[in-house]
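Okay, structure first, notes after.
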Amino acid sequence: MSLRFDFLCILIWFITITNPKADQRNKKPLHLPDMPTITATLQAPPPVWAVMQRNLIDIMNRAAPLFLEKYAYPGGTLRRHGKLDDDYECFNTWPLFYVIGGDEKILEWSLNGYNAVTRQWTYERNSVRKEFVKQYDMLHLSEGYVGFQYFALADPTIPEQIDRARRFAGFYMNEDPDAQNFDPEHTIIRSPITGSAGPAFESSADYVLIYGHASLYPIVKSLEPGWEKDEKRHEEIQQLYNRIVISGDVPMNLAITGLVSHAYILTGDEKYKTWLLNYVDAWMKRIHENNGVIPDNIGLAGKIGENREGQWWGGFFGWSGRYSVEMIFNSLITASECAYVISSDPNYLGFLRSQVDMLLDKAIVRDGDLLVPYKVGPDGWYDYHPLGPYILSHLWKASMDTGDWERLERIRKGKKHGPWAYAYADSPDPPEPGAEEWFHDGTLFDWNKVLNDLRGNQQRRNEAPHVSFLGGTNPDWPVNIMKAELEQVIRNIDRLKSDTYEHEWRSQTMLTQNPVFTNGLAQMTMGAPYTCFNGGLLMARVRYFDLDHVRPGLSEDVAALVERLESDRCVVRLVNTNVFDTHRMIVQAGAYGEHTFTNVTFKKQSEDSIMEESVAVNGKYFIVELPPATTITLNIGTQRFVNQPSYAFPWHTN
């Protein structure tokens, strides 16, 4: 890090803190005398990462209106459209940004955007019923609803959002007579295509079969080229597709657990917990029945391979599909984390772990790279790739188990070369045969490298450098992740200002200009992995509330860095970059208060000496007071997953 760069960051910080800010919130500060209060006493210039973090937040606050000006009318109605899920995804990061510390207008704008997308697709395009997508595969549907779940983190008291949470989960619990998606007798979702209009038993075969997302094997051994252009053959294949692929349950439906767990955390109604654990238990039983491998197709009578003469692979976004492991494991991550959060039972992490171990048991080493099979076909397992680091990152950050860290180390040592583990949706066109096979490109894979050219769900690729930082081998990560996200924001600001930018996938033109990035901020401030984009929950070790302005998020001018995560403690550093004002924040144990803080140890300056002090907490919250230009490192003892999760704010329960 050059002296010139350090000086530039300090200059930005000085300009920021000396520029008066108009506080538009005008809320009276809260006083919570029963909460332990810790006061920072060490004064020091802010570190570079802290200056960059606050600068990034300020820039995104100013960049968000540029997106609205270009693509939305007043009230949120979009000026152009992508696909349904892409329209929702345009605002997915905005409520989380507010939760981290973005301006209050960000929450208002994202709610307007969400509501407008719902209206437009209801009345203009007839694809939404009762404010929920009529029928869609859970891969795409769950991507669009991650932002919906973030709204409860931002404000759990919004009446229509509570009503929606109940209704959306209810579509999968047969509470709507027109949406009987679930079969309680066989514990299955009745189709890969579901929604507020119920399960679909007919769906176009063209996209899924042409792009290689499912197979008709063994009923159809091989599809001849051009089948879709022959009217008679097309009709034959379509009927087979409806019977073989579209009738029954698939692992991708496990992403529904995000919506159901969201309803439970928001309302506390036990029926959601009961349904979710019952559904996950059924899939865990199927793994046992299928010799340790999750089957990818379950018939309407609840039998593995029922539509395929007993064959357990070949289903919709399943083991023979184009993205196979990528698709299946995203749903496994969501289901395992949701079940763990709402039950406090670590055995549910075994759901995900079992499939990691299953693949690692089949691993090979080629040119020094540890590769696992991604697909299954008539001749067995094939299509070997590295295992994506983000899968093990999610598992370890949830479990804090030494065995899961050893699994991480195994794939770290085995990932010698680039490129990335898998070519995920790099083109809108079907791939040529063999085009997506993985072969190393001769470059060395750098686990510490932060990537700055990622779009949408590709942000998960920056899990590897974060894990390296937490493991003590990537000390420059805090600066590098802020630099990378700032570069991405600037790139998207330039795109917004351009009249010529158009993404290769026209449906993602708006999405790829979103200037609000939250992955690095969530990693830094809350110790969270990148939220699984197929329905996942935010899995944070801590979150914050601005006590002076009575809202969620970091206090203005305050930066945070989770420096270490362990099973029974975490280390968090807080910095007040303002040299004039004192700020007060609440630190909460987990995104949903699911953890308990035992005690907090920190250093306290008294006259000319520095002493270590410990404060007993024995609860979900404590207050930190940060006088001007102070910093404090908090060593926080933690009992994890011991409380019923809730979206309630600290002042809702005090």
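The values are calculated or read from the model by the stated rules, or taken from the named source; none is laboratory data. Only a predicted model underlies this, so the values are computations on that prediction, with no experimental measurement involved. When we count neighbours, we look across all protein chains shown, and the Cβ atoms used for this are built from the backbone with ideal geometry, even at glycine.
Below are the figures for this structure:
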| read-out | value |
| --- | --- |
| Close pairs (6 angstrom Cβ cut-off, 6 or more residues apart or separate chains): surrounded by 12 or more Cβ atoms within 10 Å (Cβ to Cβ) in the range 603-625, among the small types (Gly, Ala, Ser) and part of a strand (DSSP E or B) anywhere | LYS620/ALA589 |
| Subset of the range 566-606 [among the hydrophobic types (A, V, I, L, M, F, W, C) and outside any strand (DSSP E or B)] | VAL579, PHE580, ALA591 |
| Residue selected from the range 539-559 under the condition crowded, with 24+ Cβ neighbours inside 10 Å and among the aliphatic types (A, V, I, L, M), by the criterion farthest from ARG461 (Cα to Cα) | VAL558 |
| ALA528, sole failed condition from (1) in contact with a Leu (Cβ under 8 Å, 6 or more places away or on another chain); (2) farther than 21 Å from SER399 by Cβ; (3) at pLDDT 95 or above; (4) not basic (Lys, Arg) | (2) |
| Residue satisfying all of: in the range 189-238; within 25 Å of ASN126 (Cβ to Cβ) and charged (D, E, K, R); nearest to the chain's Cα centre (by Cα) among these | ARG190 |
| Residue list for the range 584-602, filter: surrounded by 21 or more Cβ atoms within 10 Å (Cβ to Cβ) and over 22 Å from ALA559 (Cβ atoms) | TYR592, GLY593, GLU594, HIS595 |
| The one condition in (1) free of Cβ contacts under 8 Å to residues at least 40 places away in the same chain; (2) aliphatic (A, V, I, L, M); (3) surrounded by fewer than 17 Cβ atoms within 10 Å (Cβ to Cβ) that ILE237 fails to fulfil | (3) |
| Which listed residue is loosely packed, with under 13 Cβ neighbours inside 10 Å, assigned to a helix (DSSP H, G or I) and not basic (Lys, Arg), from ASP494, ASP453 | ASP494 |
| Residue match in the range 252-268 (condition: loosely packed, with under 15 Cβ neighbours inside 10 Å and within 26 Å of ARG166 (Cβ to Cβ)) | yes |
| Wholly enclosed helices (runs of 4 or more DSSP H) of the range 77-159 bearing at least 3 residues more than 24 Å from ARG506 (Cα to Cα) | 93-100, 104-123, 138-154 |
| Qualifying residue in the range 366-375 (condition: of a type in the set (Ser, Thr, Tyr), outside any helix (DSSP H, G or I) and more than 16 Å from ARG410 (Cβ to Cβ)) | yes |
| Residues of the range 305-340 that turn out to be modelled with pLDDT of 95 or more, among the acidic types (Asp, Glu) and within 30 Å of ALA540 (Cα to Cα), as a count | 1 |
| Qualifying positions in the range 376-397 - surrounded by fewer than 19 Cβ atoms within 10 Å (Cβ to Cβ), part of a strand (DSSP E or B) and touching a residue at least 40 places away in the same chain (Cβ under 8 Å) | GLY377 |
| Pairs where the first residue, in the range 345-372, is among the small types (Gly, Ala, Ser) and the second is outside any helix (DSSP H, G or I), C-beta under 6 Å, 6+ apart | ALA363/LEU370; ALA363/VAL372; GLY368/LYS416 |
| Any pair with Cβ under 9 angstrom, 6 or more apart, that starts in the range 449-474 at a residue that is at positive phi and ends at one that is part of a loop (DSSP other than H, G, I, E, B) and crowded, with 24+ Cβ neighbours inside 10 Å | GLY456/ASN92; GLY456/ASN514 |
| Candidate set from the range 89-148 (those that are acidic (Asp, Glu) and closer than 21 Å to ARG543 by Cβ); member that is surrounded by the most Cβ atoms within 10 Å (Cβ to Cβ) | ASP103 |
| Matching residues, the range 162-177, being within 27 Å of LEU111 (Cβ to Cβ) and part of a loop (DSSP other than H, G, I, E, B) | PHE171, TYR172, MET173, GLU175, ASP176 |
| Total residues in the range 42-62, condition surrounded by fewer than 18 Cβ atoms within 10 Å (Cβ to Cβ) and more than 28 Å from the chain's Cα centre (by Cα) | 4 |
| Some residue of the range 185-201 being surrounded by 20 or more Cβ atoms within 10 Å (Cβ to Cβ), at pLDDT 95 or above and among the basic types (Lys, Arg) | yes |
